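To start, the structure under review is shown below, and the notes come after it.
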Amino acid sequence: MKPRLSIPKPHRRGFLTAAAGLFGVSALGGCDRWAASPAGQRTLKLGEDANLFVQRLLLTPASLAKEFPDSEISPWFKPNGTIEPPDKTYKALAAKNFEGFRLRVDGLVERPQDLSLADLRALPARTQTTRHDCVEGWSAIGKWTGVPLSEVLQRAGLKPQARYVVFHCADTMEYATGGGDETEEKTTANPGMESRPEGAESQASDSQAAGAEAPAQGGDDEGDEAQGTPVRYYESIDLTDAFHPQTILAYDLNGKALPVSNGAPLRLRVERQLGYKQAKYVMRIEVTESLNGIGDGKGGYWEDRGYEWYAGI
Ligand SMILES: Nc1nc2c(c(=O)[nH]1)N[C@H]1C(S)=C(S)[C@@H](COP(=O)(O)O)O[C@H]1N2
Ligand SMILES: [Mo]
């Protein structure tokens with residue numbers, strides 16, 4: 001069968017740049033020209049063709065993160081950042097071993113999905129032993145098993161305008177007071193810290209200890225006047241990383257169900273980037289055209305606080 005899309009070999013690198021621009025990085029003049037060419041128009045017609053195009057380009061060994069033998073697995077995969085989400089909804093799910101968990105996939109997709117852990121485990125799986133590098137300088141090697149993000153996105157079907165994949169997490173990091181300038185507050189914490197930013201945990205548990213009846217206790221929903229709006233962890237990647245073969249939604253670590261401290265029931269592994277991109281406690285995946293309007297618009301909780309969006313290793 002003739003491939004629907006052929007990639008001219010001598011120009012792979014150039015095409016990769018074009019694809020990165022087209023599907024991820026903000027508009028480049030060269031891409032506009034490329035999009036206007038017959039090949040470009042043909043590719044843009046169908047989201048499916050676009051996915052195939054990106055995937056083919058990515059299947060070069062050089063673009064894979066290093067994988068390690070089992071003998072190099074770290075005996076202890078240090079948990080970092082949130083190690084136990086204080087949020088009531090999350091706690092209720094965890095108490096029942098995540099039976100009620102449904103991964104929501106929506107945004108610019110043809111077929112929104114609600115996938116249980118059983119659904120996710122029934123999809124094709126990938127296992128990879130990789131090194132995690134936190135921006136603060138520590139590393140750990142872990143063996144992750146999960147479903148390639150591409151499988152999930154293909155089930156949902158991307159609309160042609162799709163550019164980014166956003167991961168919405170369960171854990172409240174802090175409460176926004178609304179209005180005021182929070183710049184100062186946002187620079188006090190960092191993605192290497194072992195505990196959560198000052199306040200988030202204590203506020204969430206305070207409200208629980210007090211047995212407050214406000215719908216927002218423990219970081220749920222809209223928050224209340226005393227706490228403000230819960231600001232939850234989130235992350236985002238472009239379609240180039242989303243369709244990379246080592247980008248998986250992991251449910252197992254070292255052959256066992258992911259512990260809560262490492263992101264149960266589901267966490268992202270995007271192996272060519274730093275630790276803070278590896279979103280834990282992923283509840284919802286939203287496909288978008290832009291990162292504006294999500295959080296503070298920089299593509300992630302730590303990005304909104306000054307860290308790089310593309311955190312390449
Ligand atoms: N939801 C969520 N994801 C998160 C974090 C977090 O606090 N919340 N911390 C990030 C950081 S800074 C790192 S280094 C890794 C730590 O993953 P681990 O706990 O499995 O070591 O998760 C990342 N993903
Ligand atoms: Mo980190």
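Any read-out appearing in this document is the output of simple, stated calculations on the displayed coordinates, not a laboratory observation. Predicted model, so just to flag it, every value in this text is computed and none were measured. Cβ sites come from the backbone with ideal geometry, for glycine too, and all protein chains shown count toward neighbours.
Fewest first, what order do 138, 144, 309 take by the number of other Cβ atoms within 10 Å?
Values: 138 13, 144 25, 309 18.
Fewest to most other Cβ atoms nearby, the residues stand as 138, 309, 144.
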Alpha-carbon centroid distance for the pair segment 67-113 / segment 264-292, whole angstrom: 10
Distance in nm between pseudo-label sites at residue 308 and residue 116 (7 Å out along the Cβ direction from Cα): 4.2
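Expressed in nm to one decimal, what extension gain is obtained for the pair residue 289 and residue 123 from 0.36 nm per residue of sequence separation less their Cα-Cα distance? Intermediate values should be presented prior to the final figure.
On the way: separation 166, 0.36 × 166 = 59.76 nm, distance 2.63 nm.
Using 0.36 nm per residue and subtracting the Cα-Cα distance, I get 57.1 nm.
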Ranked 88, 256, criterion: other C-beta atoms within 10 Å, fewest first: 256, 88
Cross-link table 78/277; 88/280; 66/256; 66/298, entries beyond 24 Å C-alpha to C-alpha: 66/298
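Under the 0.36 nm per residue contour assumption, what length would be gained going from the current alpha-carbon distance of residue 73 and residue 190 to full extension? Let's see the in-between values first.
Numbers: separation 117, 0.36 × 117 = 42.12 nm, distance 2.61 nm.
Stretched out fully, the residue 73 to residue 190 stretch lengthens by 39.5 nm.
Quick one: order 150, 290, 236 by neighbouring beta-carbon count within 10 Å, fewest to most. Mind dumping the intermediate values first?
On the way: 150 21, 290 12, 236 24.
By the 10 Å Cβ count, ascending, the order reads 290, 150, 236.
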Simple label model, 7 Å out from Cα along Cβ direction - residue 176 to residue 102, nm: 2.6
Residue list for segment 266-286, given a label point 7 angstrom along the Cα-to-Cβ vector of residue 252 and an amide N cut-off under 18 Å: 266-269
